[in-house]
1. Report the relative contact order of chain B, percent, no decimals, based on alpha-carbon pairs under 8 angstrom and at least 6 residues apart.
2. Give me the percent relative contact order of chain A, please, defined on Cα pairs under 8 angstrom at least 6 residues apart.
3. Compute the separation of the alpha-carbon centres of the range B:18-69 and the range A:13-74 and state it in Å as a whole number.
4. If you build a Gaussian network model of chain B, linking Cα atoms that sit under 10 Å apart, which residue out of B:262, B:114, B:247 swings the most?
5. Starting from the 7 Å offset along Cα-to-Cβ, what nm value, one decimal, do you get for the label separation of residue A:196 and residue A:87?
6. Quick one: Cα centre-to-centre distance for the range B:226-244 and the range B:107-140, in angstrom?
7. Could you give me the ³J(HN,Hα) list for the range A:102-109, computed from phi with Karplus coefficients 6.51, -1.76, 1.60 and θ = phi - 60°, whole Hz, x at Gly and Pro?
8. In straight Cα distance, which lysines are under 20 Å from residue A:247, not counting same-chain residues fewer than 8 positions off?
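The values are calculated or read from the model by the stated rules, or taken from the named source; none is laboratory data. Source: prediction; values computed, not measured. As a convention, Cβ positions derive from the backbone with ideal geometry for all residues, glycine included, and neighbour counts pool all protein chains shown. Areas reflect the complete protein model, heavy atoms only, side chains present, ligands, DNA and RNA absent. Shrake-Rupley method; radii C 1.70, N 1.55, O 1.52, S 1.80 Å.
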Amino acid sequence: MKILVSVKRVIDYNVKVRVKSDNTDVDLANVKMALNPFCEIAVEEAVRLKEAGTASEVVVVSIGPKPCQEQIRTALALGADRGIQVETEEMPESLNVAKLLAKVIEEEQPGLVIMGKQAIDSDNNQTGQMLAALTDMPQGTFASEVKIDGDKVNVTREVDGGLQTVELNMPAIVTTDLRLNEPRYASLPNIMKAKRKPLDVKTPAELGVELKAHTKLLKVTPPAERQAGIKVASVDELVEKLKNEAKVL
Amino acid sequence: MAILIIAEHDNRTLKTATRNAVTAATQMGDELHLLVAGSNCKAVAVAASEIAGINRVLLSDDLAYEHQLAENMGKLVAEIGKDYSHIVVPATTSGKNFLPRVAALLDVAQISDITAVESENTFQRPIYAGNAIATVESLDAIKVISVRSTAFEPAGNGPSSEISELNISCDCKLSAFVEEVVAESDRPELTSAEIIISGGRGMGNGENFTLLEQVADKLGAAVGASRAAVDAGFVPNDMQVGQTGKIVAPELYIAVGISGAIQHLAGMKDSKVIVAINKDEEAPIFSVADYGLVADLFDVMPELQKQL
(Lines give C-alpha, C1' and ligand atoms only; values in the text may rest on other atoms or scores of the structure.)
Protein backbone atom coordinates (compact mmCIF):
# COMPACT_ATOMS: atom_id res chain seq x y z
CA MET A 1 0.00 0.00 0.00
CA LYS A 2 1.15 3.48 -0.88
CA ILE A 3 0.84 6.33 1.65
CA LEU A 4 0.65 9.96 0.57
CA VAL A 5 1.71 12.61 3.07
CA SER A 6 1.24 16.31 2.44
CA VAL A 7 3.50 18.81 4.20
CA LYS A 8 3.58 22.58 4.58
CA ARG A 9 6.47 25.02 4.96
CA VAL A 10 5.72 27.39 7.86
CA ILE A 11 7.48 29.73 10.24
CA ASP A 12 9.49 27.78 12.84
CA TYR A 13 7.34 27.32 15.93
CA ASN A 14 10.02 28.85 18.19
CA VAL A 15 10.03 32.15 16.32
CA LYS A 16 8.06 35.05 17.78
CA VAL A 17 5.81 36.35 15.03
CA ARG A 18 5.72 40.07 14.28
CA VAL A 19 3.12 41.98 12.32
CA LYS A 20 4.41 44.27 9.53
CA SER A 21 4.15 47.97 10.33
CA ASP A 22 1.82 48.56 7.35
CA ASN A 23 -0.53 45.84 8.70
CA THR A 24 -0.58 43.92 5.41
CA ASP A 25 0.63 40.62 6.89
CA VAL A 26 3.13 39.15 9.33
CA ASP A 27 6.80 39.76 8.60
CA LEU A 28 8.43 36.62 7.19
CA ALA A 29 11.59 38.25 5.84
CA ASN A 30 14.74 36.52 7.14
CA VAL A 31 12.69 34.36 9.49
CA LYS A 32 13.56 30.72 10.11
CA MET A 33 11.15 28.40 8.29
CA ALA A 34 10.47 24.75 9.08
CA LEU A 35 8.25 21.76 8.51
CA ASN A 36 4.84 22.34 10.16
CA PRO A 37 4.94 20.30 13.43
CA PHE A 38 1.67 18.45 12.69
CA CYS A 39 3.02 17.53 9.22
CA GLU A 40 6.18 16.17 10.83
CA ILE A 41 4.00 13.85 12.92
CA ALA A 42 2.23 12.77 9.70
CA VAL A 43 5.56 11.89 8.05
CA GLU A 44 6.64 9.95 11.13
CA GLU A 45 3.41 7.93 11.20
CA ALA A 46 3.73 7.03 7.51
CA VAL A 47 7.39 6.00 7.92
CA ARG A 48 6.48 3.82 10.93
CA LEU A 49 3.77 2.09 8.87
CA LYS A 50 6.39 1.40 6.21
CA GLU A 51 8.86 0.08 8.77
CA ALA A 52 6.13 -2.20 10.14
CA GLY A 53 5.61 -3.61 6.65
CA THR A 54 2.07 -2.20 6.33
CA ALA A 55 3.03 0.39 3.71
CA SER A 56 5.26 -0.18 0.71
CA GLU A 57 5.98 3.40 -0.32
CA VAL A 58 5.70 6.86 1.27
CA VAL A 59 5.22 9.77 -1.14
CA VAL A 60 5.44 13.30 0.23
CA VAL A 61 3.86 16.28 -1.49
CA SER A 62 4.10 19.99 -0.80
CA ILE A 63 2.44 22.94 -2.48
CA GLY A 64 4.00 26.39 -2.73
CA PRO A 65 6.93 28.36 -4.11
CA LYS A 66 10.28 26.66 -4.72
CA PRO A 67 11.68 26.92 -1.14
CA CYS A 68 9.12 24.32 0.03
CA GLN A 69 11.43 21.76 -1.59
CA GLU A 70 13.51 22.13 1.60
CA GLN A 71 10.62 20.73 3.64
CA ILE A 72 10.12 17.91 1.12
CA ARG A 73 13.82 17.06 1.56
CA THR A 74 13.35 17.11 5.34
CA ALA A 75 10.52 14.60 4.98
CA LEU A 76 12.67 12.47 2.66
CA ALA A 77 15.44 12.53 5.29
CA LEU A 78 12.91 11.29 7.86
CA GLY A 79 12.24 8.25 5.66
CA ALA A 80 9.80 9.16 2.86
CA ASP A 81 10.71 7.64 -0.51
CA ARG A 82 9.99 10.33 -3.06
CA GLY A 83 8.68 13.86 -3.31
CA ILE A 84 6.29 15.92 -5.41
CA GLN A 85 6.22 19.72 -5.39
CA VAL A 86 3.27 21.51 -6.91
CA GLU A 87 4.79 24.87 -7.71
CA THR A 88 2.71 27.99 -7.14
CA GLU A 89 3.73 31.64 -6.89
CA GLU A 90 2.17 32.16 -3.48
CA MET A 91 0.72 29.86 -0.85
CA PRO A 92 -2.79 29.08 -2.14
CA GLU A 93 -5.92 29.06 0.04
CA SER A 94 -6.98 25.79 1.69
CA LEU A 95 -9.67 24.95 -0.87
CA ASN A 96 -7.20 25.38 -3.74
CA VAL A 97 -4.64 23.26 -1.89
CA ALA A 98 -7.29 20.57 -1.42
CA LYS A 99 -8.13 20.66 -5.14
CA LEU A 100 -4.47 20.28 -6.11
CA LEU A 101 -4.01 17.42 -3.63
CA ALA A 102 -7.15 15.73 -4.98
CA LYS A 103 -5.52 15.66 -8.43
CA VAL A 104 -2.28 14.25 -7.01
CA ILE A 105 -4.35 11.54 -5.30
CA GLU A 106 -6.04 10.74 -8.61
CA GLU A 107 -2.61 10.19 -10.18
CA GLU A 108 -0.96 8.39 -7.28
CA GLN A 109 -3.89 6.29 -5.99
CA PRO A 110 -2.66 5.97 -2.37
CA GLY A 111 -4.38 3.62 0.08
CA LEU A 112 -4.02 6.16 2.89
CA VAL A 113 -3.39 9.90 3.06
CA ILE A 114 -1.88 11.35 6.25
CA MET A 115 -1.61 15.06 6.91
CA GLY A 116 -1.36 17.51 9.83
CA LYS A 117 -4.63 18.63 11.44
CA GLN A 118 -3.65 22.25 10.93
CA ALA A 119 -0.75 24.50 9.99
CA ILE A 120 0.60 26.72 12.73
CA ASP A 121 0.57 29.81 10.50
CA SER A 122 -3.00 30.08 9.20
CA ASP A 123 -4.50 27.86 11.95
CA ASN A 124 -7.38 26.90 9.66
CA ASN A 125 -7.77 23.20 10.44
CA GLN A 126 -9.64 22.47 7.21
CA THR A 127 -7.52 21.21 4.28
CA GLY A 128 -7.69 17.52 5.23
CA GLN A 129 -11.46 17.58 5.65
CA MET A 130 -11.91 19.50 2.37
CA LEU A 131 -9.70 17.01 0.55
CA ALA A 132 -11.74 14.14 2.00
CA ALA A 133 -14.97 15.68 0.70
CA LEU A 134 -13.53 16.38 -2.77
CA THR A 135 -12.27 12.79 -3.12
CA ASP A 136 -15.36 11.33 -1.41
CA MET A 137 -13.17 9.60 1.16
CA PRO A 138 -13.86 9.05 4.87
CA GLN A 139 -11.77 11.01 7.34
CA GLY A 140 -10.23 10.46 10.76
CA THR A 141 -9.29 13.89 12.05
CA PHE A 142 -7.24 14.81 15.16
CA ALA A 143 -5.83 11.27 15.33
CA SER A 144 -4.03 9.99 18.40
CA GLU A 145 -3.93 6.37 17.20
CA VAL A 146 -4.08 4.76 13.75
CA LYS A 147 -4.59 1.00 13.35
CA ILE A 148 -4.84 -0.60 9.92
CA ASP A 149 -6.82 -3.82 9.65
CA GLY A 150 -7.20 -5.19 6.12
CA ASP A 151 -9.08 -2.67 4.01
CA LYS A 152 -10.22 -0.67 7.06
CA VAL A 153 -8.42 1.75 9.31
CA ASN A 154 -9.43 2.46 12.90
CA VAL A 155 -8.66 5.99 14.00
CA THR A 156 -8.85 7.18 17.61
CA ARG A 157 -9.64 10.88 17.65
CA GLU A 158 -9.05 13.57 20.28
CA VAL A 159 -12.47 15.16 20.75
CA ASP A 160 -13.72 17.74 23.27
CA GLY A 161 -15.07 15.22 25.76
CA GLY A 162 -12.35 12.55 25.49
CA LEU A 163 -11.49 10.03 22.79
CA GLN A 164 -13.63 8.80 19.92
CA THR A 165 -12.80 5.85 17.67
CA VAL A 166 -14.11 5.54 14.13
CA GLU A 167 -13.66 2.80 11.52
CA LEU A 168 -12.97 4.05 8.00
CA ASN A 169 -13.08 2.27 4.66
CA MET A 170 -9.80 2.74 2.81
CA PRO A 171 -8.67 4.76 0.96
CA ALA A 172 -9.07 7.27 3.78
CA ILE A 173 -7.67 10.53 5.05
CA VAL A 174 -6.14 10.87 8.49
CA THR A 175 -5.15 14.17 10.11
CA THR A 176 -2.72 14.06 13.01
CA ASP A 177 -2.96 15.45 16.51
CA LEU A 178 0.00 16.03 18.79
CA ARG A 179 -0.01 12.77 20.64
CA LEU A 180 -0.03 10.40 17.69
CA ASN A 181 3.74 9.92 17.90
CA GLU A 182 7.02 11.64 18.66
CA PRO A 183 8.86 12.35 15.43
CA ARG A 184 12.46 11.17 15.11
CA TYR A 185 15.43 13.36 14.22
CA ALA A 186 16.94 12.87 10.78
CA SER A 187 20.44 11.38 10.91
CA LEU A 188 23.24 12.93 8.87
CA PRO A 189 23.57 9.92 6.53
CA ASN A 190 19.81 10.05 5.92
CA ILE A 191 19.97 13.80 5.20
CA MET A 192 22.69 13.06 2.60
CA LYS A 193 20.67 10.19 1.15
CA ALA A 194 17.57 12.39 0.91
CA LYS A 195 19.35 14.69 -1.54
CA ARG A 196 19.42 11.88 -4.09
CA LYS A 197 15.80 10.77 -3.69
CA PRO A 198 13.51 11.67 -6.62
CA LEU A 199 11.55 14.95 -6.44
CA ASP A 200 9.09 15.80 -9.24
CA VAL A 201 7.84 19.31 -9.87
CA LYS A 202 4.35 19.87 -11.26
CA THR A 203 2.26 22.96 -11.94
CA PRO A 204 -1.44 23.59 -11.21
CA ALA A 205 -1.98 23.83 -15.00
CA GLU A 206 -0.51 20.35 -15.50
CA LEU A 207 -2.88 19.06 -12.86
CA GLY A 208 -5.77 20.89 -14.52
CA VAL A 209 -6.63 23.02 -11.50
CA GLU A 210 -7.52 26.69 -11.80
CA LEU A 211 -6.66 28.59 -8.61
CA LYS A 212 -9.48 30.87 -7.59
CA ALA A 213 -9.57 33.51 -4.84
CA HIS A 214 -12.35 32.86 -2.32
CA THR A 215 -11.20 35.29 0.37
CA LYS A 216 -9.34 38.57 0.58
CA LEU A 217 -6.97 39.39 3.42
CA LEU A 218 -7.79 43.00 4.34
CA LYS A 219 -5.33 43.51 7.17
CA VAL A 220 -3.28 41.86 9.89
CA THR A 221 -2.92 43.52 13.27
CA PRO A 222 -1.22 42.62 16.54
CA PRO A 223 -3.58 41.26 19.22
CA ALA A 224 -4.72 43.52 22.03
CA GLU A 225 -2.01 43.44 24.70
CA ARG A 226 -3.04 42.49 28.16
CA GLN A 227 -1.52 44.66 30.87
CA ALA A 228 0.33 42.99 33.70
CA GLY A 229 -1.43 43.54 37.00
CA ILE A 230 0.00 43.58 40.50
CA LYS A 231 2.00 41.17 42.63
CA VAL A 232 0.44 40.11 45.91
CA ALA A 233 2.57 39.10 48.86
CA SER A 234 0.51 36.31 50.41
CA VAL A 235 -2.42 33.96 50.01
CA ASP A 236 -4.39 36.18 52.42
CA GLU A 237 -3.91 39.19 50.19
CA LEU A 238 -4.74 37.17 47.07
CA VAL A 239 -8.05 35.89 48.48
CA GLU A 240 -8.92 39.37 49.77
CA LYS A 241 -8.29 40.94 46.32
CA LEU A 242 -10.25 38.25 44.49
CA LYS A 243 -13.20 38.74 46.85
CA ASN A 244 -13.31 42.50 47.22
CA GLU A 245 -11.51 44.00 44.23
CA ALA A 246 -12.07 41.56 41.36
CA LYS A 247 -15.29 40.19 42.93
CA VAL A 248 -14.87 36.76 41.35
CA LEU A 249 -15.06 34.66 44.52
CA MET B 1 -31.25 35.06 2.46
CA ALA B 2 -31.25 33.40 5.84
CA ILE B 3 -28.44 32.11 8.04
CA LEU B 4 -28.15 28.44 8.95
CA ILE B 5 -26.62 27.58 12.33
CA ILE B 6 -25.76 23.99 13.21
CA ALA B 7 -26.48 22.94 16.81
CA GLU B 8 -23.84 21.21 18.93
CA HIS B 9 -25.40 18.50 21.10
CA ASP B 10 -25.15 14.90 22.28
CA ASN B 11 -28.73 13.89 21.28
CA ARG B 12 -29.91 14.70 24.82
CA THR B 13 -28.76 18.22 25.64
CA LEU B 14 -27.98 21.30 23.61
CA LYS B 15 -24.38 22.47 24.19
CA THR B 16 -23.82 26.09 25.22
CA ALA B 17 -21.37 26.62 22.33
CA THR B 18 -24.47 26.69 20.08
CA ARG B 19 -25.69 29.82 21.88
CA ASN B 20 -22.35 31.59 21.35
CA ALA B 21 -22.60 30.79 17.64
CA VAL B 22 -26.15 32.21 17.57
CA THR B 23 -24.88 35.51 19.01
CA ALA B 24 -22.23 35.68 16.27
CA ALA B 25 -24.88 34.89 13.64
CA THR B 26 -27.18 37.71 14.83
CA GLN B 27 -24.40 40.11 13.79
CA MET B 28 -24.49 38.75 10.22
CA GLY B 29 -28.21 38.91 9.48
CA ASP B 30 -31.77 38.76 10.84
CA GLU B 31 -33.36 35.52 9.68
CA LEU B 32 -31.79 32.67 11.67
CA HIS B 33 -32.51 28.97 11.20
CA LEU B 34 -30.99 26.37 13.47
CA LEU B 35 -30.39 22.78 12.34
CA VAL B 36 -30.46 19.97 14.90
CA ALA B 37 -29.14 16.80 13.27
CA GLY B 38 -28.95 13.67 15.40
CA SER B 39 -30.84 10.59 16.43
CA ASN B 40 -33.70 10.65 18.95
CA CYS B 41 -32.84 14.26 19.56
CA LYS B 42 -36.30 15.87 19.73
CA ALA B 43 -35.52 17.26 23.21
CA VAL B 44 -32.55 19.14 21.74
CA ALA B 45 -34.76 20.68 19.05
CA VAL B 46 -37.24 21.83 21.71
CA ALA B 47 -34.44 23.46 23.72
CA ALA B 48 -33.07 25.04 20.54
CA SER B 49 -36.47 26.48 19.62
CA GLU B 50 -36.40 28.55 22.80
CA ILE B 51 -33.19 30.43 21.95
CA ALA B 52 -33.81 34.14 21.41
CA GLY B 53 -33.32 35.25 17.80
CA ILE B 54 -34.00 31.86 16.20
CA ASN B 55 -36.86 32.02 13.68
CA ARG B 56 -37.07 28.36 12.83
CA VAL B 57 -35.60 25.05 13.98
CA LEU B 58 -34.93 22.32 11.43
CA LEU B 59 -34.87 18.84 12.90
CA SER B 60 -33.12 16.04 11.04
CA ASP B 61 -33.65 12.96 13.15
CA ASP B 62 -31.99 9.91 11.63
CA LEU B 63 -29.66 7.12 12.77
CA ALA B 64 -27.10 8.35 10.21
CA TYR B 65 -26.47 11.43 12.35
CA GLU B 66 -26.37 9.72 15.75
CA HIS B 67 -22.60 10.24 16.19
CA GLN B 68 -22.31 13.25 13.88
CA LEU B 69 -19.98 11.37 11.53
CA ALA B 70 -18.31 13.98 9.32
CA GLU B 71 -19.11 12.23 6.04
CA ASN B 72 -22.86 12.16 6.72
CA MET B 73 -23.06 15.56 8.40
CA GLY B 74 -21.05 17.19 5.61
CA LYS B 75 -23.45 15.94 2.98
CA LEU B 76 -26.58 16.87 4.93
CA VAL B 77 -25.44 20.39 5.79
CA ALA B 78 -24.21 21.06 2.24
CA GLU B 79 -27.58 19.88 0.89
CA ILE B 80 -29.61 22.10 3.23
CA GLY B 81 -27.09 24.95 3.31
CA LYS B 82 -26.96 25.63 -0.42
CA ASP B 83 -29.98 27.93 -0.08
CA TYR B 84 -28.49 30.06 2.73
CA SER B 85 -26.18 33.09 2.76
CA HIS B 86 -24.20 31.89 5.80
CA ILE B 87 -23.56 28.54 7.45
CA VAL B 88 -22.40 29.01 11.03
CA VAL B 89 -21.02 26.37 13.39
CA PRO B 90 -19.40 26.53 16.84
CA ALA B 91 -15.67 25.74 16.46
CA THR B 92 -15.80 22.62 18.64
CA THR B 93 -14.07 19.39 17.62
CA SER B 94 -17.36 18.29 16.07
CA GLY B 95 -17.88 21.51 14.09
CA LYS B 96 -14.24 21.55 12.98
CA ASN B 97 -14.63 17.97 11.83
CA PHE B 98 -17.54 18.29 9.39
CA LEU B 99 -17.70 21.97 8.39
CA PRO B 100 -14.74 22.00 5.92
CA ARG B 101 -16.46 19.13 4.07
CA VAL B 102 -19.51 21.37 3.70
CA ALA B 103 -17.36 24.21 2.32
CA ALA B 104 -15.62 21.91 -0.18
CA LEU B 105 -18.92 20.39 -1.36
CA LEU B 106 -20.30 23.91 -1.92
CA ASP B 107 -17.00 25.03 -3.56
CA VAL B 108 -16.52 27.91 -1.14
CA ALA B 109 -13.91 28.85 1.46
CA GLN B 110 -14.30 28.23 5.17
CA ILE B 111 -13.45 31.07 7.52
CA SER B 112 -12.30 29.34 10.70
CA ASP B 113 -12.54 30.34 14.32
CA ILE B 114 -13.84 33.88 13.93
CA THR B 115 -13.58 36.17 16.96
CA ALA B 116 -15.43 39.23 15.59
CA VAL B 117 -17.98 40.09 12.89
CA GLU B 118 -17.20 43.35 11.07
CA SER B 119 -19.94 43.06 8.45
CA GLU B 120 -21.96 40.32 6.80
CA ASN B 121 -18.91 39.28 4.75
CA THR B 122 -15.92 40.49 6.80
CA PHE B 123 -14.60 38.75 9.90
CA GLN B 124 -11.68 38.75 12.29
CA ARG B 125 -9.82 35.60 13.20
CA PRO B 126 -6.63 34.83 15.12
CA ILE B 127 -3.66 33.43 13.16
CA TYR B 128 -0.20 32.29 14.28
CA ALA B 129 -1.56 30.95 17.58
CA GLY B 130 -3.22 34.26 18.37
CA ASN B 131 -0.06 36.33 17.82
CA ALA B 132 -1.79 38.19 15.00
CA ILE B 133 -5.39 38.98 14.10
CA ALA B 134 -6.40 38.73 10.45
CA THR B 135 -9.35 40.64 9.00
CA VAL B 136 -10.72 38.53 6.16
CA GLU B 137 -13.36 39.30 3.56
CA SER B 138 -15.29 36.42 2.01
CA LEU B 139 -15.76 36.65 -1.77
CA ASP B 140 -18.14 33.67 -1.88
CA ALA B 141 -21.93 33.71 -2.20
CA ILE B 142 -22.21 31.34 0.77
CA LYS B 143 -20.08 32.13 3.81
CA VAL B 144 -19.07 29.06 5.76
CA ILE B 145 -17.95 30.08 9.23
CA SER B 146 -16.83 28.48 12.47
CA VAL B 147 -17.12 30.59 15.61
CA ARG B 148 -14.72 30.70 18.54
CA SER B 149 -17.15 30.39 21.44
CA THR B 150 -15.16 32.43 23.94
CA ALA B 151 -15.36 35.53 21.73
CA PHE B 152 -19.18 35.80 21.85
CA GLU B 153 -21.65 35.85 24.75
CA PRO B 154 -24.15 32.97 24.80
CA ALA B 155 -27.64 33.90 23.49
CA GLY B 156 -30.44 33.65 26.06
CA ASN B 157 -33.98 32.33 25.65
CA GLY B 158 -36.89 34.08 23.94
CA PRO B 159 -40.23 33.27 22.35
CA SER B 160 -40.42 29.69 21.00
CA SER B 161 -39.97 29.17 17.27
CA GLU B 162 -41.51 26.53 15.05
CA ILE B 163 -39.80 23.15 14.60
CA SER B 164 -39.86 21.68 11.06
CA GLU B 165 -38.93 18.06 10.61
CA LEU B 166 -36.78 17.25 7.58
CA ASN B 167 -36.59 13.93 5.89
CA ILE B 168 -33.11 13.79 4.38
CA SER B 169 -31.05 10.72 5.13
CA CYS B 170 -27.40 10.96 4.13
CA ASP B 171 -25.73 7.71 5.04
CA CYS B 172 -22.49 7.58 3.06
CA LYS B 173 -21.46 4.23 4.60
CA LEU B 174 -17.83 5.36 4.36
CA SER B 175 -17.22 5.26 8.10
CA ALA B 176 -18.65 3.80 11.28
CA PHE B 177 -18.64 4.81 14.92
CA VAL B 178 -16.76 2.34 17.12
CA GLU B 179 -16.63 3.85 20.61
CA GLU B 180 -16.27 7.00 22.64
CA VAL B 181 -14.32 7.14 25.88
CA VAL B 182 -15.64 10.13 27.78
CA ALA B 183 -13.62 11.48 30.66
CA GLU B 184 -15.92 11.13 33.68
CA SER B 185 -15.91 14.00 36.12
CA ASP B 186 -18.22 15.69 38.61
CA ARG B 187 -16.54 19.00 37.87
CA PRO B 188 -17.75 21.40 35.17
CA GLU B 189 -16.44 21.16 31.61
CA LEU B 190 -13.41 23.30 30.86
CA THR B 191 -15.04 25.20 28.02
CA SER B 192 -18.08 26.25 30.05
CA ALA B 193 -16.62 26.62 33.58
CA GLU B 194 -16.79 30.01 35.36
CA ILE B 195 -13.58 29.28 37.23
CA ILE B 196 -10.62 27.20 36.01
CA ILE B 197 -7.55 26.18 37.93
CA SER B 198 -4.73 24.81 35.77
CA GLY B 199 -1.41 23.18 36.56
CA GLY B 200 1.82 23.14 34.59
CA ARG B 201 5.15 21.39 34.63
CA GLY B 202 5.77 22.86 38.08
CA MET B 203 3.22 20.38 39.50
CA GLY B 204 5.98 17.78 39.30
CA ASN B 205 3.71 14.77 38.74
CA GLY B 206 0.12 13.68 38.19
CA GLU B 207 -0.61 12.91 41.86
CA ASN B 208 0.08 16.51 42.83
CA PHE B 209 -2.91 17.58 40.74
CA THR B 210 -5.05 16.52 43.73
CA LEU B 211 -3.86 19.80 45.29
CA LEU B 212 -5.64 21.62 42.47
CA GLU B 213 -8.66 19.34 42.60
CA GLN B 214 -9.20 20.08 46.28
CA VAL B 215 -9.26 23.82 45.60
CA ALA B 216 -11.38 23.28 42.48
CA ASP B 217 -14.01 21.40 44.48
CA LYS B 218 -14.29 24.29 46.94
CA LEU B 219 -14.77 26.78 44.10
CA GLY B 220 -16.88 24.63 41.77
CA ALA B 221 -14.06 25.02 39.27
CA ALA B 222 -12.79 22.93 36.37
CA VAL B 223 -9.22 21.63 36.36
CA GLY B 224 -6.99 22.24 33.35
CA ALA B 225 -3.34 21.80 32.43
CA SER B 226 -0.67 23.27 30.20
CA ARG B 227 0.75 21.37 27.27
CA ALA B 228 3.99 20.90 29.21
CA ALA B 229 2.07 19.02 31.92
CA VAL B 230 0.26 16.92 29.31
CA ASP B 231 3.45 16.14 27.37
CA ALA B 232 5.17 15.16 30.62
CA GLY B 233 2.40 12.58 31.09
CA PHE B 234 0.99 14.10 34.31
CA VAL B 235 -2.59 14.33 33.04
CA PRO B 236 -4.61 13.39 29.92
CA ASN B 237 -4.77 15.62 26.85
CA ASP B 238 -8.46 16.50 27.27
CA MET B 239 -7.35 18.75 30.14
CA GLN B 240 -5.06 20.78 27.92
CA VAL B 241 -5.66 24.52 27.71
CA GLY B 242 -3.84 26.27 24.88
CA GLN B 243 -3.64 26.84 21.17
CA THR B 244 -3.49 23.10 20.50
CA GLY B 245 -5.90 22.25 23.32
CA LYS B 246 -9.00 24.04 24.54
CA ILE B 247 -9.54 27.77 24.23
CA VAL B 248 -11.15 29.07 27.42
CA ALA B 249 -12.25 32.43 28.80
CA PRO B 250 -13.67 31.96 32.33
CA GLU B 251 -14.38 34.68 34.89
CA LEU B 252 -11.36 33.53 36.88
CA TYR B 253 -8.33 31.58 35.64
CA ILE B 254 -5.76 30.41 38.18
CA ALA B 255 -2.46 29.27 36.63
CA VAL B 256 -0.39 27.19 39.02
CA GLY B 257 3.22 26.26 38.22
CA ILE B 258 2.70 27.36 34.61
CA SER B 259 5.50 29.38 33.02
CA GLY B 260 3.25 30.89 30.33
CA ALA B 261 4.46 29.66 26.94
CA ILE B 262 2.88 31.49 23.98
CA GLN B 263 0.89 28.40 23.15
CA HIS B 264 -0.70 28.33 26.62
CA LEU B 265 -1.40 32.06 26.70
CA ALA B 266 -3.21 31.75 23.38
CA GLY B 267 -5.71 29.45 25.07
CA MET B 268 -6.53 31.51 28.17
CA LYS B 269 -5.56 35.16 27.78
CA ASP B 270 -9.17 36.25 27.22
CA SER B 271 -10.10 35.17 30.75
CA LYS B 272 -11.61 38.01 32.76
CA VAL B 273 -9.31 37.72 35.77
CA ILE B 274 -6.02 35.83 35.68
CA VAL B 275 -4.10 34.71 38.76
CA ALA B 276 -0.57 33.31 38.43
CA ILE B 277 1.15 31.34 41.15
CA ASN B 278 4.77 30.52 40.34
CA LYS B 279 8.01 30.50 42.26
CA ASP B 280 9.94 31.93 39.28
CA GLU B 281 9.25 35.64 39.32
CA GLU B 282 10.59 35.95 35.75
CA ALA B 283 7.92 33.57 34.39
CA PRO B 284 6.11 35.14 31.37
CA ILE B 285 2.74 34.20 32.86
CA PHE B 286 3.09 37.19 35.22
CA SER B 287 2.99 39.57 32.25
CA VAL B 288 -0.67 38.67 31.61
CA ALA B 289 -1.75 38.06 35.21
CA ASP B 290 -3.95 40.51 37.10
CA TYR B 291 -2.70 39.07 40.38
CA GLY B 292 0.66 37.36 40.67
CA LEU B 293 1.93 35.47 43.68
CA VAL B 294 5.62 34.55 43.63
CA ALA B 295 5.72 31.53 45.91
CA ASP B 296 6.07 27.76 46.01
CA LEU B 297 2.80 26.22 44.90
CA PHE B 298 3.22 23.40 47.42
CA ASP B 299 2.98 25.98 50.23
CA VAL B 300 0.29 28.06 48.56
CA MET B 301 -2.25 25.43 47.53
CA PRO B 302 -2.94 23.92 51.00
CA GLU B 303 -3.16 27.44 52.41
CA LEU B 304 -5.53 28.56 49.66
CA GLN B 305 -7.74 25.55 50.25
CA LYS B 306 -7.94 26.42 53.94
CA GLN B 307 -8.92 30.03 53.26
CA LEU B 308 -11.73 29.33 50.81
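1. 15
2. Contact order relative to length: 23 percent.
3. 38
4. B:262
5. Here the answer is 2.5 nm between the modelled labels.
6. 27
7. Once θ is set to phi - 60°, the couplings for the range A:102-109 become 4, 5, 4, 4, 4, 6, 8, 6 Hz.
8. A:231, B:218, B:269, B:272, B:306
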